[in-house]
Amino acid sequence: MDKNTFITMPPSKRVQEVNKLLQKHDLKEISGILRIPPSTFSKVMREGDYLYHKADKQYYPFVRSEEGRKTNSRTEDNNETAFIKSNVDTLKKIIQHFEEQGLLLLDKRIYSKDAKYVNKSIRMNSGIYEEFSRFCEEYYPHLKTQDVIAQTLIDAMYRYKPESRREQ
């Protein structure tokens, strides 16, 4: 991290970065690493109402009142709540889709970086293939048909393997 990046960071992000550095360095060393005079470093770190606590060797937000302390602790919860509120319709659709159709989870072997692919030609009933293609387009348009077929093969191997031979 350089001096300009450090100074232009939002105060909360700056405090997070400095608190990480404080695990291995003291304040004077950090100001030296950043090539900022210690007095300037302290001034920049106070932006956003943060104070250094010597015993903990960390910066904390300064709270001017008990009400402010309660408000400050709720800020993180508010960010999550705001995200949920702004995406409530999408979340409802995901839940509804899951309840109606279930969730197709692909086996990690299907999209593994180490997977090797081969082309195979198989004879198939054209009606069944067309129905399967429509199924994939309607319910899983975000997936490649080849990945859904691969998952189907894995599911069939597991489902139709005799119980005595299934892995525990």
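The values are calculated or read from the model by the stated rules, or taken from the named source; none is laboratory data. Note that the structure is predicted; figures quoted are calculated from it, not measured. Counting neighbours? That spans all protein chains shown, and the Cβs are built from the backbone with ideal geometry, glycine included. Accessible surface is based on the protein model in full, side chains and every heavy atom, while ligands, DNA and RNA are left aside. Shrake-Rupley method; radii C 1.70, N 1.55, O 1.52, S 1.80 Å.
Observations
- Dipole of the chain, positive end: most advanced residue of Ser39, Val118, Gln16 [Cβ charges, Cα centre]: Ser39
- Shown for the chain: the carbon plus sulfur share of the solvent-accessible area, taken with all protein chains present and a 1.4 angstrom probe, equals 52%.
- Rounded accessible area of Thr152 (nearest 10 Å², 1.4 Å probe): 70
- Looking at the stretch 1-151, the accessible area is 83 square angstrom per residue; that uses a 1.4 Å probe and ignores ligands, DNA and RNA.
- Electrostatic dipole magnitude of the chain [Cβ: Lys, Arg +1; Asp, Glu -1; Cα centre; debye, to 20]: 760
- Rounded tilt (10° steps) of 88-101 against the dominant C-alpha axis of the chain: 30
- Rounded, prolate or oblate (a/c below 1.5 giving rounded, otherwise prolate when a/b exceeds b/c) for the stretch 1-61 by Cα gyration tensor: rounded
- Cα shape, the chain, gyration tensor, a/c 1.5 rule: prolate
- Helical mean residue ellipticity (222 nm; -39500 (n - 2.57) per DSSP H run of 4+; nearest 500) of the chain: -18500 deg cm²/dmol
- Dipole magnitude of the stretch 9-53, debye to nearest 20 (Cβ charges: Lys/Arg +1, Asp/Glu -1, about Cα centre): 100
- For the set Lys113, Lys144, Lys24, solvent exposure ranked by accessible area (probe 1.4 Å, protein chains only) runs largest to smallest as Lys113, Lys24, Lys144.
- For the chain, the longest principal axis of the alpha carbon atoms and the long axis of helix 11-21 meet at an angle near 90°.
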